[in-house]
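Engineer: Dumping the structure here so I can ask a few things about it.
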Amino acid sequence: MTRVDKYIVFSILNAILLVTVIFNTVINFYLFVLAMIVLVVICNILIKRNIINIEKQGKKYFFGVTFPQLINGFFLINYLTGMNPVRETYCFKSMISEVGSVRSHQKGKTTYVYLSGNAYEYSYMTRSLFIDYKRMMFKNQITYTFERGIFGFKIKKDVQFTFNENCLEK
């Protein structure tokens with residue numbers, strides 16, 4: 001396999017792991033971005049001091065493939081070692097979203113939910129559900145099943161929707 005082939009295959013693998021593993025991990029979005037920036041800066045310093053040797057790969061390959069693989073591997077281990085399932089139930093609302101440009105606007109329902117008590121306020125991926133909106137129609141209560149991985153991060157394993165009269169707005 002050539003270097004370009006490896007780059008393509010591992011980039012696709014990293015994208016799949018990002019969507020299936022990291023997006024199901026309950027993490028503060030801003031803290032995650034900050035941690036990634038700090039790790040990139042640290043890796044740059046270690047590369048300049050030749051502690052991390054990337055002569056064969058090159059800097060683009062390291063930051064485009066190897067670094068994301070290390071991050072994905074960390075979250076994959078946490079995901080696979082999840083245990084002790086806990087169910088959490090919240091009332092939710094979904095809003096109408098508007099997308100488009102200046103000349104064309106589209107409005108539609110989204111699968112991003114606003115949880116009661118503003119739960120998981122900064123964990124956007126916990127509230128963003130990559131599902132068909134029809135599963136959510138006419139329902140106002142969500143039940144998450146979370147597990148805790150070996151590194152201590154919560155993992156969203158299952159989501160169920162129900163209708164509850166107590167969740168109706170007053």
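Engineer: For region 61-70, in order, what is each residue's ³J(HN,Hα) by Karplus, 6.51 cos²θ - 1.76 cosθ + 1.60 with θ = phi - 60°, in whole Hz (x at glycine and Pro)?
Structural biologist: Ordered by residue, 3J(HN,Hα) equals 5, 4, 7, x, 10, 5, 4, x, 5, 5 Hz.
Engineer: Can you list which of the trypsin sites (Lys or Arg not before Pro) found in region 12-85 are DSSP loop residues with at most 11 other C-beta atoms within 10 Å? Could the numbers behind the result be given before it?
Structural biologist: Working: sites: 48, 49, 56, 59, 60; in loops: 49, 56.
Qualifying residues, ordered by number: 49, 56.
Engineer: Place a +1 charge on the Cβ of each Lys and Arg in the chain and a -1 charge on the Cβ of each Asp and Glu, then give the dipole magnitude about the Cα centre in debye, rounded to the nearest 20.
Structural biologist: 380 debye
Engineer: Please identify the cysteines of the chain that lack any partner cysteine with a Cβ under 4.7 Å from their own Cβ.
Structural biologist: Result for the chain is 43, no neighbouring Cys Cβ within the cutoff.
Engineer: Another question, then. Distance cut-off 22 Å, Cα to Cα: go down the list 60/156; 6/56; 6/59; 109/134; 6/48 and report the pairs above it. Could you put the intermediate results ahead of the total?
Structural biologist: On the way: 60/156 32 Å; 6/56 13 Å; 6/59 15 Å; 109/134 10 Å; 6/48 25 Å.
The answer is 60/156; 6/48.
Engineer: If you take the charge dipole of the chain about its Cα centre, with +1 on Lys and Arg Cβ and -1 on Asp and Glu Cβ, which of 47, 78, 20 is farthest toward its positive end?
Structural biologist: The Cα lying farthest towards the positive end belongs to 47.
Engineer: Which is the longest part of the chain that has none of the GluC sites (Glu not before Pro) sitting in a DSSP loop with at most 10 other Cβ atoms within 10 Å? Provide the component values of the computation, followed by the final result.
Structural biologist: Details: sites that count: 55, 169.
Looking at the chain, 56-168 is the longest stretch - no exposed GluC sites (Glu not before Pro) with at most 10 other Cβ atoms within 10 Å.
Engineer: What's the longest uninterrupted piece of the chain once you rule out the chymotrypsin sites (Phe, Trp or Tyr not before Pro) that are loop residues per DSSP with at most 14 other Cβ within 10 Å? Intermediate values should be presented prior to the final figure.
Structural biologist: Details: sites that count: 122, 130, 138, 151, 163.
Maximal segment without exposed cleavage sites: 1-121.
A short reminder: the numbers here are calculations on the coordinates, not readings from a lab. The shown structure was predicted, so the numbers you read here are calculated from the model rather than taken from an experiment. So basically every Cβ, Gly included, is an ideal-geometry build from the backbone, and we count neighbours across all protein chains shown.
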